[in-house]
Amino acid sequence: MDNSILIIISIAASVVGILLGMGGTIFYNKKMQAEKAQQIIKDAEAKGVIIVQEKTLQAKEKFLQLKAEHEKTINEKNAQILSGENRIKQKEGTINAKTEELKRKETEVEKAKERLNAQLEINTKKQEEIEKLHKRQVQQLEVISGLKQEEAKSQLVEALKAEARTDALSHIKEIVDEAKLTANKEAKKVVIQTIQRVATEHAIENSVTVFNIESDEVKGRIIGREGRNIRALEAATGIEIIVDDTPEAIILSGFDPIKREIARLALHQLVTDGRIHPARVEEVVAKTTKKLEDEIVEIGKRTTIDLGIHGLHPELIRMVGRMKYRSSYGQNLLQHSREVANLCAIMAAELGLNVALAKRAGLLHDIGKVPDDQPELPHALLGMQLAEKYKEKPEVCNAIGAHHDEVEMTSLISPIVQVCDAISGARPGARREMEDAYVKRLKDLEALAQAYPGVKQSYAIQAGRELRVIVESEKVSDKESETLAFDISQKIQNEMTYPGQVRITVIREVRSVSIAK
């Protein structure tokens, strides 16, 4: 029992000791924390004082700096104001001097005006006297000449007009001759060099194609039973097939060269294969048409590659290929366009212009002759519209549209294309016209000259490139013959269509005949 009490007491004493130790430790820790807090407060107060002192010094320095800058700005503005005042004073002095000079000049002008008015009064009196004398002289002249003043004036005006017209024609002729002397040499040099450097063979196209066969026995197979084979071929190609007595030959007739070529190729394949019947004809014609279209595109590509023309629209390339099967007055259109392109390139190089652009315009200038549809438009305007549609440059479009003067020329490439087109078409043997149209053009030339008064005879020679006009010497003077040549050339230029140029030569001959008896 006693031991239990002792154990309890000892345990209680231990608990009390532990509690007292823990309380002492807590108290000591709190005391230490309080001392640290006081120390931190003291340090913060010291730092605050230091920071306040530093900020005060910085504020004072900033204030002094701003004050210096402000004083500097004020001094600069004062200097500017002083300078402006000096300039104003100088301008005031200049204005005052000019004002004085203006007043002086106004005084001189007033004096001059007074003198002028006095002189005008004197002149007016003299003019009145002169008019009186002039009237008396006119009256005396009317009495002497027997003509009224208006009649004499009209005669004088007509005489002066005739003299002025003669002098003007003489001056015009002198100016034209002088211009020819200075300009013709270089122009001829460029044109001749261009023509000589491009020599091209010209193919003559007809409206018929002759298809040669091995023997006349093949003709019967081509015609077929009751003519059904030949009818199927004509229906499929749109070409008239003429089988006559011509030995070993069949004639393909039609105005479309592409259709004639399709008919020729199809007929060649049918004859080679030996199977000729309507169904086979339609099949072969369809395949031949497809093959020819591919060949046309290939021709267009080869042409552009040969000429060094890049970036052409595929549809324009196809049209260039179609030119091979078109002709103009018997001249193959593709050959003509290639020649014009080369001519344009040479001439543009001689003149220092864009060679690539000139060559492009030369190749495409007749593109309006080969579209699939044929609208009622001149080929130059149609070609210009096609070029604009396929995004060609404005210079190329204008050159195409203006090469027959349908539109106004706006670039230097346009006259080059027009001249080169004329060079290619006017070359001897390059083109041929229908006989009736040719004869009609010659007769029209002669009739145009014959319509002028004083013309005795007129002759169109050198295939219509020269017109010789013989005038009556009694009715037409030498000066009037020059005027007549100029008037005829202008009328031909405005009213007629012709390739190249037409030279007008007026001949005036005086013959004096006497007979010795």
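The values are calculated or read from the model by the stated rules, or taken from the named source; none is laboratory data. Being a predicted model, the structure only gives us computed values, none of them experimental. In this analysis, Cβ positions are derived from the backbone assuming ideal geometry, glycine residues included, and neighbour counts consider all displayed protein chains. To get the accessible areas, we keep the full protein, side chains included, count just its heavy atoms, and leave off ligands, DNA and RNA. Shrake-Rupley method; radii C 1.70, N 1.55, O 1.52, S 1.80 Å.
Here are the numbers for the structure shown:
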{"read-out": "Cross-link table LYS369/LYS491; LYS324/LYS359; LYS291/LYS359; LYS440/LYS479; LYS359/LYS440, entries beyond 27 Å C-alpha to C-alpha", "value": "LYS369/LYS491; LYS291/LYS359; LYS440/LYS479; LYS359/LYS440"}
{"read-out": "Three-way shape label, region 1-83, alpha-carbon gyration tensor, a/c 1.5", "value": "prolate"}
{"read-out": "Projected-area mean, region 344-415, by convex hull of Cα positions, square nanometres", "value": "4.5"}
{"read-out": "Intensity falloff of region 90-141 expressed as log10 I(q)/I(0), Debye formula with alpha-carbon point scatterers, at q = 0.12, 0.19, 0.29 Å⁻¹", "value": "-0.52, -0.73, -0.97"}
{"read-out": "Theoretical FRET efficiency, 1/(1+(r/R0)^6), r = Cβ-Cβ of GLU295 and GLU240, R0 25 Å, to 0.05", "value": "0.60"}
{"read-out": "Efficiency of FRET from Cβ geometry, ALA79 and GLN38, R₀ 60 Å, rounded to 0.05", "value": "0.45"}
{"read-out": "Cleavage-rule hits, GluC sites (Glu not before Pro), region 445-506, DSSP coil, Cβ neighbours within 10 Å at most 10", "value": "GLU474"}
{"read-out": "Stretch gain in nm, segment HIS313-GLU226, where the contour uses 0.36 nm per residue and the Cα spacing is subtracted", "value": "26.5 nm"}
{"read-out": "Built amide H within the under 5 Å cut-off of ILE507, gap 5+", "value": "VAL469, ILE470, VAL471"}
{"read-out": "Calculated from backbone phi, Karplus (6.51, -1.76, 1.60) coupling profile of region 266-280 in Hz, x at Gly/Pro", "value": "5, 5, 5, 5, 5, 5, 5, 6, x, 8, 10, 7, x, 5, 5"}
{"read-out": "With every protein chain in place, region 460-505: carbon and sulfur % of accessible area (1.4 Å)", "value": "43"}
{"read-out": "ILE507 paired with TYR28, simple spin-label distance in nm, labels 7 Å along Cα-to-beta-carbon", "value": "15.3"}
{"read-out": "In Hz, Karplus ³J(HN,Hα) per residue of region 226-242 (6.51, -1.76, 1.60; θ = phi - 60°; x = Gly, Pro)", "value": "6, x, 6, 5, 5, 5, 5, 5, 5, 5, 6, 9, x, 10, 7, 9, 9"}
{"read-out": "Accessible surface, region 240-314, averaged per residue in Å² (probe 1.4 Å)", "value": "55"}
{"read-out": "Three-way shape label, region 257-322, alpha-carbon gyration tensor, a/c 1.5", "value": "prolate"}
{"read-out": "Proximal lysines to LYS36, defined as alpha-carbon separation beneath 30 angstrom and excluding residues fewer than eight positions away on the same chain", "value": "LYS47, LYS55"}
{"read-out": "Size of region 457-506 as Cα extents on the principal axes (Å, biggest first)", "value": "34, 20, 12"}
{"read-out": "Region 294-302 - phi-based ³J(HN,Hα) in whole Hz, Karplus 6.51/-1.76/1.60, Gly and Pro as x", "value": "5, 5, 4, 4, 5, 4, x, 5, 4"}
{"read-out": "Distance between modelled label sites at LYS479 and LYS55, nm, 7 Å Cα→Cβ extension", "value": "11.1"}
